[in-house]
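Engineer: Here it is: the structure, laid out below.
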Amino acid sequence: MKQKVVLGNEAIARGLVEAGVNVVTGYPGTPSSEIIPGVIALKKEYALDTYIEWSVNEKVALEVALAASWAGKRAAVTMKQVGLNVASDPLLSAAYTGVIGGFVLIVCDDPGPYSSQTEQDTRLFAIFAKAPVFDPATPRQAKEMTRAAFELSEKYRVPVIVRSSLRVSHARQNISLDALDSTPRAANFKKDTARWAATPRYRLLLHQELNEKLAKIKDEFETSPFNIKFTPTQTAGEPQKQKAKIRKHKFPFGIIGAGVPFATAQELLDELGVQIPMLQIGAVYPLPQNLVNDFIAQRQRVLILEEPDAALELQIDDRSKVHGRLDGTIPNAGELSPEVLEPILTRLLREARLLAEPRAANLPAWGAALQNLHLPMRGPRLCPGCGHRSAFYTIRRAFPGAFYASDIGCYTLGTNLRAVDTCLDMGAAITMASGMYQAYRLDGKHKAIVATIGDSTFIHSGVTGLANAVHTGARFVLVILDNSTTAMTGFQPTADHTRLADGTEGARVGIPDLVRACGVKFLRTADPYAMDEFQRVLKQAEQFTQAPDGGVAVIIAERPCVLNDRTPIDEHPIRVEVTDECDGCKYCLVAFECPSLVMNVAKNQVEINHQTCVDCGQCIDSCYKGFIVESKPMTILELAEKVGSGNGLVA
Amino acid sequence: MRYAILLAGIGGQGVLFAHNVLAECALAQGFNVTGAETHGMSQRGGSVVSHLKIGDTAAPLIRQGTADFVIAFDAAEAYRALPYLKRSGTLIVNVSPENFPDAQIQPQLDAWAIAVRACDADTIARNLDRASAANVALLGFATTCENFPFTAVALRAAIARIAHPRFTALNEKAFTEGINACQDSHSAARRASTATLP
């Protein structure tokens, strides 16, 4: 059987396609963003006619896919865990109405968190929404569960969630490449008003029906192939006696787990050479109560391993013998990494007398030794040449001390330029700006407010906030940072351009039109690279916010993402250098913060790292002493010396 | 066979590429592979770490103190990754041997019996006029290291399968230069002779 090493998200994409999915929608969000490109690649490879869409947000994505399911197609929607918050309204309703064609949500959690506002547990959401949920520990399992999710969804006509996580979605593993389902599923919506348009009294009936479905699914999960018992193999020597012993005295310690933490424990136990009974729960809700209770009954103590929250543990009826998150055995925040798990597990094994005490000699810890090296901090920063840096730099100069409401995207890294005060969730820049305005207005005070939001984020959930702001008379400057893409998640296209997910052409929904449609009376477009002009426009905007007949002022800062589109810079490169007069004051490093400006500690001067510098020339303004200059073009003599005489090279 | 290899560097150095090459090599030899990588922030100047585990395990992350090898494309990231090495593990690092390791860390390296193998892959790449060839050079160098699980032949083939065809000639050169760096450099394994095994 053909095998291939793939990313977890590619394994999920493979699972979707092998299940014969007809419609896939989603919104980019780490760690889920690679699933849709994976489906697109498979669509091309196998010449399928799957419909694939980057929707404008997760709620839209879910509803679009759901309708296809109601028409009888197999549909899936992908998102990160906080995206499910956005899509929660249709999900909860859809659990009641049910589905026709298999309907699967792939939701990717981010324990840590590594790139999210929360480390919430999608499985808890599933319990709340009353949607069954699978919890894979590996890319291989994620593929298998994705396929099984469609079967389950169609059999019981419920939405089913596959809860991936960072260490599955961004893990790599070899998977088998299996045959694709090609069952024809014709679009054929059957009217059923009591279901699809159910009013409250019908909703009660649907709720009762849903509860019955869940009871049946719970029974099915009692024997699911994804809920796996691992029994210790017989010990050498006296197998019969050992068996009798286990029967007579409960085996002291066992583990019930789900997802990556379960796999981590398996490997750790293998390393320690200890075998204990283990139960892996891959179908977490509705929990197979009998399976779990039987396991617990046979043990003296049971450890529950899962992350990032206690979805499995909370469903256990009798927790008197159970240790986990609820009693503090497992920390309630942060990733349950191997380093966190190891001391907990070894302690419990020792207490159960399954592991000998550690040998005396412990190797010295690394912490102190590494601290003395003062290694450079390499936190995330805006790229060299990023238009957002220039925009924030100018915003700070024009409005020092303003309230800077911002949002989610690459530009959140404007925190490094101290031009971002708040980042809550998608679209909050505009609404927080409104609320801050109202708070100060209550006191009759004026507060300078500048909100920044990205182009993709604006279309995702900024428009409603802007309409609200105009309608209620809020006054602030809004800068839409338009770099023509959804950058942080991998340069996905936006509705402000015509290109669709699969490269074909759609229609443009222009941001300027959206802004005007919200009733905004001040709208300008400016290039953040042209700093003086940009500042002038910012000042005009501020004047408008303070004018008697003024209101929200919007500036669209247009400058393409430098990683996504280098052409504007390559057309006009501006090579720079720091002169020898540099006195090491570091103002440029603090105010402009470009990664290509580096401090030469020995010389106490700033230098340009030409390997990372993109020749945008934007830093020149940031040395008010004039020590960053455009490099002079070489004279013919200098060039001749450089290339060497007689080798025929022409500059 | 069971091997755990941690790869570390900064965005743009081809950490992911090196991971894919090693994974492909292992798969071609019939082993299962699993691992984990970091995305997103990597292109924005951040550290990139990727875990690669060869053999039958379902856990994607390497626990600190258990890696057989750390392959680091940058000196600072090499230091940061040291806690992942097991006792007697090997650090392969892209840096000129004269500049590594810092004397302050030597006692710690000795206590853990870490073998340090340094190769200035950046200079090899510079001489070939392509900064991004450094990772291939370092992989070539890695094949000369004791206990490295892959032969030069196997790794060369994996690179040819994974990399874009237009880089084949360049990769061949860089890989070979990496192997040669082993003979040229004074980066002899620094294994503490008095280290005691528990």
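Engineer: Can you tally the net charge around B:PHE167? Count Lys and Arg as +1, Asp and Glu as -1, for every other residue whose Cβ sits under 14 Å from the Cβ of B:PHE167.
Structural biologist: +3
Engineer: Follow-up. In nm, to one decimal, how far is the modelled label at B:ASP56 from the one at B:ALA131, with both set 7 Å along Cα→Cβ?
Structural biologist: Taking the two extended label points, one gets 4.5 nm.
Engineer: Taking neighbour Cβ counts within 10 Å as the exposure measure, how do A:ARG350, A:ARG185 sort from fewest upward?
Structural biologist: By the 10 Å Cβ count, ascending: A:ARG350, A:ARG185.
Engineer: In the structure displayed, which of A:LYS80/A:LYS190; A:LYS44/B:LYS53; A:LYS155/A:LYS321; A:LYS603/B:LYS173; A:LYS155/A:LYS190; A:LYS4/A:LYS44 lie more than 29 Å apart, Cα to Cα? Working shown, then result.
Structural biologist: Details: A:LYS80/A:LYS190 32 Å; A:LYS44/B:LYS53 31 Å; A:LYS155/A:LYS321 36 Å; A:LYS603/B:LYS173 36 Å; A:LYS155/A:LYS190 17 Å; A:LYS4/A:LYS44 18 Å.
Long pairs (Cα-Cα over 29 Å): A:LYS80/A:LYS190; A:LYS44/B:LYS53; A:LYS155/A:LYS321; A:LYS603/B:LYS173.
Engineer: Only four residue types carry charge here, +1 at the Cβ of Lys and Arg and -1 at the Cβ of Asp and Glu. Report the dipole size of the stretch A:255-405 about the Cα centre in Debye, rounded to the nearest 20.
Structural biologist: Here the size comes out at about 860 debye.
Engineer: If the chain between A:ASP425 and A:MET1 were fully stretched, how many nm would it gain, using 0.36 nm times the residue separation less the Cα-Cα distance?
Structural biologist: Difference between extended and current length: 148.2 nm.
Engineer: Can you put B:PHE141, A:PHE295 in order, fewest other beta carbons within 10 Å first?
Structural biologist: Ascending Cβ contact count within 10 Å gives the list A:PHE295, B:PHE141.
Engineer: Further, regarding this structure: Please state the shape class of the stretch A:387-567: rounded when a/c is under 1.5, otherwise prolate if a/b exceeds b/c and oblate if not, all from the C-alpha gyration tensor. List each step's numbers first, then the result.
Structural biologist: Values: a/c = 1.72, a/b = 1.44, b/c = 1.20.
The shape class here is prolate.
Engineer: Specify which residue in the list A:ALA137, B:VAL33, B:SER47 is farthest towards the positive end of the charge dipole of the protein assembly as shown, using unit charges on the beta carbon of Lys, Arg (+1) and Asp, Glu (-1), about the Cα centre.
Structural biologist: Of the candidates, A:ALA137 comes out farthest on the positive side.
Engineer: For the stretch B:118-132, take each phi angle, set θ = phi - 60°, evaluate the Karplus expression 6.51 cos²θ - 1.76 cosθ + 1.60, and give the result in whole Hz per residue in order, putting x for glycine and proline.
Structural biologist: 9, 9, 7, 5, 4, 5, 4, 5, 4, 5, 8, 6, 8, 4, 6
Engineer: A further question on this structure: If you take the square roots of the eigenvalues of the alpha-carbon gyration tensor of the protein assembly as shown and sort them as a ≥ b ≥ c, do you get rounded (a/c under 1.5), prolate (a/b over b/c) or oblate?
Structural biologist: Details: a/c = 1.74, a/b = 1.09, b/c = 1.59.
Because a/c hits 1.5 or more and a/b fails to exceed b/c, the protein assembly as shown counts as oblate.
Engineer: Using the Cβ atoms and a cut-off under 12 Å, what net charge is assigned to the surroundings of B:MET1, where Lys and Arg are +1 and Asp and Glu are -1?
Structural biologist: Local charge sum for B:MET1: 0.
Engineer: Let me know the charge dipole size of the stretch A:424-569 about its Cα centre in debye, to the nearest 20, where only the beta-carbon of Lys, Arg (+1) and Asp, Glu (-1) is charged. Could you put the intermediate results ahead of the total?
Structural biologist: Working: 13 positive and 15 negative charges, 96 e Å.
Using only the charged Cβ atoms, the result is roughly 460 debye.
Engineer: Okay, moving on. For chain A, take the longest principal axis of its alpha carbons; what is the angle in degrees between that and the long axis of helix A:531-546, to the nearest 10 within 0 to 90?
Structural biologist: 80 degrees
Engineer: Gaussian network model of chain B, Cα springs within a sub-10 Å range: biggest mean-square fluctuation belongs to which of B:PHE100, B:PHE148, B:PHE167?
Structural biologist: Between B:PHE100, B:PHE148, B:PHE167, it is B:PHE167 that shows the largest mean-square fluctuation.
Engineer: As I understand it, the value is the acute angle between the Cα axis of helix A:259-272 and the longest principal axis of the Cα atoms of chain A; what does it come to in degrees, rounded to 10?
Structural biologist: Here the helix axis deviates by roughly 70 degrees.
Engineer: Let me ask you something else. Averaged over peptide A:369-378, how many Cβ atoms belonging to another chain are found within 10 Å of each residue's Cβ?
Structural biologist: For this peptide, the per-residue mean of nearby foreign Cβ atoms is 6.
Engineer: Taking the Cα centre of the stretch A:573-636 as origin and charging only Cβ (+1 Lys, Arg; -1 Asp, Glu), how large is the dipole, in debye to the nearest 20?
Structural biologist: The calculation lands at about 60 debye.
Engineer: First check a/c for the stretch A:160-207, with a ≥ b ≥ c the square roots of the eigenvalues of its C-alpha gyration tensor; if it is under 1.5, answer rounded, and if not, answer prolate when a/b is larger than b/c or oblate otherwise.
Structural biologist: Taking the square roots of the gyration eigenvalues as a ≥ b ≥ c, the stretch A:160-207 is oblate.
Engineer: Along the Cα-to-C-beta direction of B:ALA28, a point sits 7 Å from the Cα; which residues of the stretch A:1-25 have their amide N less than 20 Å from that point?
Structural biologist: Output list for this probe position: A:1-7.
Engineer: In nm, to one decimal, how far is the modelled label at A:MET599 from the one at A:ALA517, with both set 7 Å along Cα→Cβ?
Structural biologist: 4.9 nm
Engineer: Tell me which residues come under 5 Å, amide H to amide H, from A:VAL479 once H is placed; ignore anything under 5 positions away on its chain.
Structural biologist: Amide H neighbours of A:VAL479, under 5 Å, 5+ apart: A:ALA451, A:THR452, A:ILE453, A:ILE555.
Engineer: Next question, about the same structure. Can you compute 3J(HN,Hα) from phi for each residue in the stretch A:282-288, using the Karplus curve 6.51 cos²θ - 1.76 cosθ + 1.60 with θ = phi - 60°, rounded to whole Hz and x for Gly and Pro?
Structural biologist: x, 10, 7, 9, x, 5, x
Engineer: Let me ask something additional. What is the order of A:CYS582, A:CYS616, fewest Cβ neighbours within 10 Å to most? It would help to have the intermediate numbers written out before the result.
Structural biologist: On the way: A:CYS582 19, A:CYS616 25.
Placing the least packed residue first, the sequence is A:CYS582, A:CYS616.
Engineer: Calculate, in nm to one decimal, what A:VAL629 and A:ARG508 gain on full extension: separation in residues at 0.36 nm each, minus their alpha carbon distance.
Structural biologist: Numbers: separation 121, 0.36 × 121 = 43.56 nm, distance 4.03 nm.
Extending this stretch completely gives an extra 39.5 nm.
Engineer: Something else now. Out of A:CYS410, A:ALA198, A:ALA391, whose Cα points farthest toward the positive end of the dipole of chain A (charges: +1 Lys, Arg; -1 Asp, Glu; placed on Cβ)?
Structural biologist: A:ALA198
Engineer: The stretch B:134-174: which trypsin sites (Lys or Arg not before Pro) are DSSP loop and have at most 12 other beta-carbon atoms within 10 angstrom? Write down the numbers at each step before the final one.
Structural biologist: Working: sites: B:ARG156, B:ARG161, B:ARG166, B:LYS173; in loops: none.
Hits after loop and neighbour filter: nothing returned.
Engineer: Once phi is turned into ³J(HN,Hα) by the Karplus curve 6.51 cos²θ - 1.76 cosθ + 1.60 with θ = phi - 60°, what whole-Hz value does each residue of the stretch B:83-93 show in order, with x for glycine and proline?
Structural biologist: x, 7, 6, 7, 4, 6, x, 10, 9, 10, 9
Engineer: Positive end of the charge dipole of the stretch A:500-651 (Lys, Arg +1 and Asp, Glu -1 on Cβ, about the Cα centre): tell me which of A:LEU523, A:VAL614, A:THR567 has its Cα farthest that way.
Structural biologist: It is A:LEU523, whose Cα lies furthest towards the positive end.
Taken together, the values in this text are just the output of simple stated rules run on the coordinates, not laboratory data. Quick caveat, the model's predicted, so the values are computed rather than measured. For neighbour counting, all protein chains shown are included, and Cβ atoms are generated from backbone atoms with ideal geometry for every residue, glycine included.
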